[in-house]
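These notes are about the structure you will find just below.
Values quoted throughout were computed directly from the atomic coordinates according to the rules given, and no laboratory measurement underlies them. Keep in mind the model is a prediction, meaning the values are calculated, not measured. Note that each Cβ is placed from the backbone with ideal geometry, even for glycine, and that neighbours are counted across all protein chains shown.
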Amino acid sequence: MSVATRPQLSHLRALESEAIHVMREVAAEFERPVLLFSGGKDSIVLLRLAEKAFRPAPFPFPLMHVDTGHNFPEVIEYRDRRVAELGERLIVASVQDSIDQGRVVEEKGPRASRNKLQTVTLLDAIAEHGFDAAFGGARRDEERARAKERVFSFRDDFGQWDPKNQRPELWNLYNGRIHKGEHVRVFPLSNWTELDVWEYIDQEQLEIPSIYFAHERQVFERDDMLYAFWEGTELLDGEQTFTETVRYRTVGDMSCTGGVRSLAATLEEVVLEIASTRITERGETRADDRVSEAAMEDRKKAGYF
Amino acid sequence: MTLDLLRFTTAGSVDDGKSTLIGRLLYDSKQVFEDQLAQVAQASERRGGSGALDLALLTDGLRAEREQGITIDVAYRYFATARRRFIIADCPGHRQYTRNMVTGASTADVAVVLIDARNGVVEQSKRHAFVSALLGIPHMVVAINKMDLVGFSRERYEELVEEFEGFARKLRGGKNPRRIDTSYIPMSALDGDNVVEGSPRTPWYDGPPLLEWLEQVDVAYDHPDGRPARFPVQWVIRPANGAAAPAAGVDAGERLDYRGYSGQLASGALRVGEEVAVLPAGARTRIAGIDTYDGELEEALAPMSLTLRLEDDLDISRGDLICHPDEAPAVAREFEADVCWMAEQPLRAGARYVLKHTSHSSIAAVDAIEDVIDVHTLARVEPPAQLELNDIGRVRLRTRAPLAFDPYASNRRTGSFILIDQDGNGTVGAGMIAQTPVVLGA
């Protein structure tokens, strides 16, 4: 077989270029986009891609974090520092406010989580600010309902996703037309895998919150997962806390994100560990996906990230 | 790490074992994680299977699909070997879901067409091969599956190769000859023969198993960078218009004067200092600089995203196309295109749609429907009154604003468009501009 006459872009450069193209399409076709920034690794990559797409100008959209109030403090500290470095505007939509206003009712008991409540806070914030497009860091390799989602994922005026009635998405031609009250979730990292994200963070030498690296933490074990022990924890009978060296593969609420036993303390070590892992990141660390065979599908239909 | 990316689409009827094949590729190439496997094992058991792992369940995403045992929508799968990163567009084969097949094929370099060795080259396989050819996929690998059910018969395999090759000859020929390479692999996705490993049950087959074929197929000539340069302007960067923001490497004074034209190079290469034309207006200038966040470049290659600075201060906006003056594409308001219709509401002559092409949109009127393609015979038949859902036909369009375009056969990026319903906003059609455009009144 013949050899290519010109050098090909590496797969990371090809994915990067595709994502930058998606971001510029959104900036050009929507009036009020927003970028959802959680301080997690995927949205950290989104910020770098936004720099690549729009510098030397400011981003043509604000950033928004849906803050459950149960985030890891290391992540909130990182979030604020990163936003200040970039000189961009951050909106914080607070689940606590939604609870105080009676929009949602807090779950009770040792297994309570604010994960589901975020959806209401997110949709309220989108409506309040009149956002018509919201960038998210979701990837298709994460979960099987996401494998079927479009890059431009249409949401009706109730914020809902209808998986059986999605717009066909051809070539790199994205249809950004919507009616007032509807919006589009846009996923520039759709075609990235978890390993791609880590390799990109390594390539770009991006700073990430410290919880992604091995550290000592007081934890307890539940359903084969290691959860952080914090002031909101209610232990069940027989559960005990102990100190373990862990790191996190995903950043979510302290109440539903498990850590993994790991000694990976540098980016290179994390990349190596991810490359050889035998368990998906959501399967290993997210209690919210274990509820049923179609847990993510149900939450997405309701308007989740 | 300089792995390249290969995108392929699978096409097959529900019963051809397409999901099983993909499941087998992922499973045998060790891309299935333990928790996914546990889920599949659980689901296989619940559905009362034979006790064997049902690999098709690995790829069935939505609840309705698992309940009905079908695939509703295009799903994207990712895996890598030491040689390549792969993206699979897994497309359903029901007749009513052909629009998804077209969707998956639009970004693919390679098509894997499945044939059930017992049933032969049925209409469904032909439809998928035809759609792949129409969408400009130059390589087709025909997986002759379920060979275990025909006793791994070499005669049956050769019979099917001959039958499909007859059809492929028709795809290559006709009014607009196309280059389509075809390869054939005898296979049992269920048992894993010739998927990742070769098979002792087909000693008469000396080709590679599917995964090896996918790792080796050369798609370089189909990559867009050997062609004339096409740079659709997506976005104009003018920091002076925005609020102050720190920008690495650019001081405040420089930033105020900055004006750059951003986009993704659709094909070819651009170099600093070269003369370029800006279409549709046709003004000429030179490239003053090629900027990326990672620094300035002397030369840019497709498909990079980049920002161009130009020597002259021209009126350039989103939707304009930058190219070399001696390799300019057609600029016209009228052209013919093959349109795949994707909506329940049929396409009729006289109707108007929003047409999105590269980075801009215009209103388009359907002046005429010239013919519709019978996908079974590949014949273009008499002009119908309308194009129905899943029909593919030649349509004559007229746009309000002039478009700078190439025939789809020479450039997938500048030769493709989508049609959008003006009221409902749905994507209703996919268009490929024909070889010999009618160039009138630019």
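What are the GluC sites (Glu not before Pro) within the range B:128-208 that DSSP puts in a loop, where the Cβ has at most 12 other Cβ atoms within 10 Å? Don't skip to the end; give the middle numbers.
Values: sites: B:Glu155, B:Glu158, B:Glu159, B:Glu162, B:Glu163, B:Glu165, B:Glu197; in loops: none.
Taking the range B:128-208 and a limit of 12 other Cβ atoms within 10 Å, no loop GluC sites (Glu not before Pro) are found.
How shielded is A:111-121 by partner chains, expressed as the average number of their Cβ atoms within 10 Å of its Cβ atoms?
Partner-chain Cβ atoms within 10 Å, mean over residues of A:111-121: 0.
At a Förster radius of 60 Å, what calculated FRET efficiency corresponds to the Cβ-Cβ distance of B:Leu256 and A:Arg261, to the nearest 0.05?
For B:Leu256 and A:Arg261, the calculated efficiency is 0.70.
Taking R0 as 56 Å, what FRET efficiency do you get between A:Ala127 and B:Ser410 from their Cβ-Cβ distance, rounded to the nearest 0.05?
The value I calculate is 0.75.
At 7 Å along the Cα-to-beta-carbon direction for both A:Glu74 and B:Asp28, put a label point, then send me their distance in nm to one decimal.
Simple spin-label model gives 4.2 nm for this pair.
Given the -39500 (n - 2.57) contribution per DSSP H run of 4+ residues, what per-residue ellipticity at 222 nm results for the protein assembly as shown, rounded to the nearest 500 deg cm²/dmol?
Computed ellipticity for the protein assembly as shown at 222 nm equals -7000 deg cm²/dmol.
Which order results if B:Leu21, B:Leu297 are arranged by neighbouring Cβ count within 10 Å, fewest first?
Result, fewest neighbours first: B:Leu297, B:Leu21.
Return a whole-number percent for the relative contact order of the range A:208-289, with Cα pairs under 8 Å and 6 or more residues apart as the contact set.
Details: 131 pairs, mean separation 26.2, N = 82.
Worked out over the range A:208-289, it gives 32 percent.
Could you line up B:His139, A:His215 from fewest to most neighbouring Cβ atoms inside 10 Å?
Taking fewest neighbouring Cβ atoms as first place, the list is A:His215, B:His139.
Starting from the range B:133-200, pick out the trypsin sites (Lys or Arg not before Pro) whose DSSP state is loop and whose Cβ has at most 13 other Cβ atoms within 10 Å.
B:Lys175, B:Arg179
Among the GluC sites (Glu not before Pro) in the range A:24-98, which ones are in a DSSP loop with at most 11 other Cβ atoms within 10 Å of the Cβ? Mind listing them?
Sites meeting the loop and neighbour criteria: A:Glu31.
Could you check what % of the DSSP bridge pairs in chain A are antiparallel, to the nearest 5? Write out the running numbers ahead of the final one.
Values: 20 of 33 bridges.
Around 60 percent antiparallel, to the nearest 5.
Arrange B:Trp213, A:Trp230, A:Trp198, B:Trp341 by Cβ neighbour counts within 10 Å, fewest through most, would you?
A:Trp230, B:Trp213, A:Trp198, B:Trp341
Out of all DSSP beta bridges in the protein assembly as shown, what portion is antiparallel? Express it as a percent rounded to 5.
70 percent
Just how large is the dipole of the protein assembly as shown about the Cα centre, in debye to the nearest 20, putting +1 at every Lys and Arg Cβ and -1 at every Asp and Glu Cβ?
Using Cβ point charges on Lys, Arg, Asp and Glu, the protein assembly as shown gives about 1720 debye.
If R0 is 41 Å, what FRET efficiency do you get for A:His179 and B:Glu382 from their C-beta distance, rounded to 0.05?
Plugging the Cβ-Cβ distance into 1/(1 + (r/R0)^6) gives 0.60.
Quick one: if you stick a label point 7 Å off each Cα along the C-beta vector at B:Val272 and A:Leu272, how many nm between them?
3.9 nm
Averaged over its residues, how many other protein chain Cβ atoms are within 10 Å of peptide A:14-23's Cβ atoms?
Working: counts 6, 3, 3, 8, 5, 1, 10, 10, 2, 3.
Mean shielding count: 5.
Which shape class, rounded, prolate or oblate, goes with the protein assembly as shown when its Cα gyration tensor gives a ≥ b ≥ c as root eigenvalues, a/c under 1.5 marks rounded, and past that a/b bigger than b/c marks prolate?
oblate
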